[in-house]
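**Student:** Pasting in a structure now, in structure tokens, and then I'll have a few things to ask.
Derivation of every value follows stated rules applied to the coordinates shown; laboratory data play no part. Bear in mind that the values here come from a model prediction, so they are computed numbers and not experimental data. Here the Cβ positions follow ideal geometry from the backbone for every residue, glycine too, while neighbour counts run over all protein chains shown.
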Amino acid sequence: MVHPRRRTKRRGAATLEMALALLPCMYFVSAILEYGRYEMARQLVINAARAGARMAVNSKRTAATSDIQAFVIQQLAGQGGAGLSVSIYKADASGNNNGVWTTALVGDPIAVQIQSTYSVMIPSFGILPQTMPLNAKAIVIAEAN
């Protein structure tokens with residue numbers, strides 16, 4: 001005579017093990033996605049700074065500082081981060097502020113600097129920072145007055 005198998009008390013063990021294994025895996029995948037989002041925002045800030053510097057060099061006599069700042073913010077497409085600051089200035093050889101950008105002569109560098117803060121979307125549980133700086137500077141040599 002064959003006896004039917006008895007069920008043990010481990011009915012929910014597989015579910016619990018799956019939940020415990022899945023949580024760290026999902027957190028790891030979320031961290032990878034968050035890093036990709038940070039890199040995308042960083043690349044947008046770099047490209048916006050370059051575009052703003054090109055615009056400053058090409059329209060030194062026709063554009064105001066506010067026009068270039070608005071253009072840079074438009075290039076960021078809402079991904080610039082919190083505390084967004086756009087600075088346009090005449091730079092020295094090291095890229096430091098050396099005056100008003102409209103006074104740059106032929107051969108002088110003009111810089112566009114963007115500073116902002118990136119806010120993380122996923123909870124970090126104290127492992128990762130909740131905010132990270134998101135900065136870029138583009139320097140272009142003025143070719144015309």
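**Student:** Kindly give Rg over Rh for the range 68-108, based on alpha-carbon atoms, with the Kirkwood expression for the hydrodynamic radius.
**Tutor:** Working: Rg = 12.7 Å, Rh = 11.8 Å.
When Rh is taken as the Kirkwood radius, the ratio is 1.07.
**Student:** Which residues in the range 52-80 have a backbone N closer than 17 Å to a point placed 7 Å from the Cα of THR102 along the Cα-to-Cβ line?
**Tutor:** Those under the cut-off are 55-71.
**Student:** I need the phi-derived Karplus couplings for the range 82-91: 6.51 cos²θ - 1.76 cosθ + 1.60, θ = phi - 60°, integer Hz, Gly and Pro marked x.
**Tutor:** 8, x, 5, 9, 10, 10, 10, 7, 6, 9
**Student:** Okay, next question. Kindly state, to the nearest 0.05, the FRET efficiency for CYS25 paired with VAL120, given R0 = 30 Å and r defined as their beta-carbon distance.
**Tutor:** On the way: r = 19 Å, r/R0 = 0.64.
About 0.95, to the nearest 0.05.
**Student:** To the nearest 10 degrees, how steeply does helix 65-76 sit against the main Cα axis of the chain, on a 0 to 90 scale?
**Tutor:** Once rounded, the angle reads 20 degrees.
**Student:** For an R0 of 22 angstrom, estimate the FRET efficiency from the Cβ-Cβ distance between ASP67 and ASN47 and round to the nearest 0.05.
**Tutor:** 0.75
**Student:** Taking only the alpha carbons of the chain, what extent do you get along each of the three principal axes, in Å, biggest first?
**Tutor:** Ordered largest first, the chain gives principal extents of 103, 23, 21 Å.
**Student:** Now for a different question. Mind checking the angle between helix 13-58 and the chain's longest principal axis? C-alpha axes, 0 to 90 degrees, to the nearest 10.
**Tutor:** 10
**Student:** Percent relative contact order of the range 13-141, based on C-alpha pairs within less than 8 angstrom and at least six residues apart? Before the final figure, lay out each step's value.
**Tutor:** Details: 193 pairs, mean separation 34.1, N = 129.
Result for the range 13-141 is 26 percent.
**Student:** Hey, got the dipole for the chain? About the Cα centre, +1 on K and R Cβ, -1 on D and E Cβ, debye to the nearest 20?
**Tutor:** So the magnitude is around 1180 debye.
**Student:** State the extension gain, in nm to one decimal, for the chain segment bounded by LEU33 and ARG54, taking 0.36 nm per residue of separation less the distance between their alpha-carbons.
**Tutor:** This chain segment gains 4.4 nm when fully extended.
**Student:** Would you mind calculating the gained length between MET18 and ALA144 on full extension (0.36 nm times residue separation, minus the Cα-Cα distance), in nm to one decimal? Walk me through the numbers before you get to the answer.
**Tutor:** Values: separation 126, 0.36 × 126 = 45.36 nm, distance 6.59 nm.
That pair, MET18 and ALA144, stretches by 38.8 nm at full extension.
**Student:** Add -39500 (n - 2.57) for each DSSP H run of 4 or more in the chain, then divide by its residues: what number comes out at 222 nm, to the nearest 500 deg cm²/dmol?
**Tutor:** Per the formula, -14500 deg cm²/dmol.
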